[in-house]
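Structure first, then comments.
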Amino acid sequence: MSDEKFPGWHGTTILAVRRGGKVVVAGDGQVSVGPTVMKGTARKVRRLTPGGHDVVVGFAGSTADAFTLLERLEKKLESAPGQLARACVDLAKDWRMDKYLRNLEAMLIVTDGKDIFVVTGAGDVLEPEHDVAAIGSGGNFALAAARGLMASDLDAEEVARKAMAIAADICVYTNGNLTVEILG
């Protein structure tokens, strides 16, 4: 990504944890430009209900780009109700092939409470190992913390909240203002 196109925006850590029949998606609210926090209460975890099936999506990157992708994903899910993997693969194909979509700067974590997928503009649809996935500026910190906490007796929500708190303590682009959605 060239510096002319990207103004130095950073922010948002999104984490998904599957445990005990539940999937929790947690996202922080920070958006920064360089060393300045522009907003601390952004909401980048959303619940969708296409065709009556609950899906939770967390996004990192450009908000406008992410909303474009959310709309496309919702249409894919409406045309293939209950088929999250198919909808994610179709979205990734479009994202990779379409000249307009190819320039979108965002990543998604998508879950239906059963499966978790990370969808990228490179055409990737990844299922996480170890029942944990993370994206965004502090994603690697949250991922490491959550994977370590999976050895404990904590439930999915507790793992997600503690891992996000650890990421917020380490990453200057992550804060403790969480949006949490639970499925299952």
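The values are calculated or read from the model by the stated rules, or taken from the named source; none is laboratory data. It should be emphasised that the depicted structure is a prediction, and the values quoted were computed from it without experimental measurement. A quick note on method: Cβ atoms are made from the backbone with ideal geometry, for glycine too, and the neighbour counts reach across all protein chains shown. In case anyone asks, the SASA skips ligands and DNA or RNA and just uses the protein heavy atoms, side chains included. Shrake-Rupley method; radii C 1.70, N 1.55, O 1.52, S 1.80 Å.
For this structure, a couple of remarks:
- Taking the stretch 49-66 as the range and being more than 16 Å from GLN83 (Cα to Cα) and at pLDDT 90 or above as the test, the residues that pass are GLY58, PHE59, ALA60.
- Checking each residue in the stretch 29-59 for being among the aliphatic types (A, V, I, L, M) and over 21 Å from GLY176 (Cβ atoms) picks out LEU48, VAL55, VAL57.
- Some residue of the stretch 10-31 being open to solvent by less than 40 Å² (accessible area, probe 1.4 Å), of a type in the set (A, V, I, L, M) and more than 16 Å from PHE117 (Cα to Cα): yes
- Any strands (runs of 3 or more DSSP E) falling wholly within the stretch 2-48 and containing at least 2 residues that are under 18 Å from ALA165 (Cβ atoms) and modelled with pLDDT of 85 or more: 13-19, 22-27
- Number of positions in the stretch 76-110 that are in a helix (DSSP H, G or I), without any contact (Cβ under 8 Å) to a residue 24 or more places away in the chain and either touching an Asp or Glu at 6+ places or on another chain (Cβ under 7 Å) or open to solvent by 70 Å² or more (accessible area, probe 1.4 Å) (or both): 6
- Hits in the stretch 169-184 - residues which are within 15 Å of VAL31 (Cβ to Cβ), open to solvent by 40 Å² or more (accessible area, probe 1.4 Å) and not small (Gly, Ala, Ser): VAL172, TYR173, ASN177, LEU178
- The residues in the stretch 114-168 that are in a strand (DSSP E or B) and either open to solvent by less than 40 Å² (accessible area, probe 1.4 Å) or among the aromatic types (Phe, Trp, Tyr) (or both) can be counted, and the count is 10.
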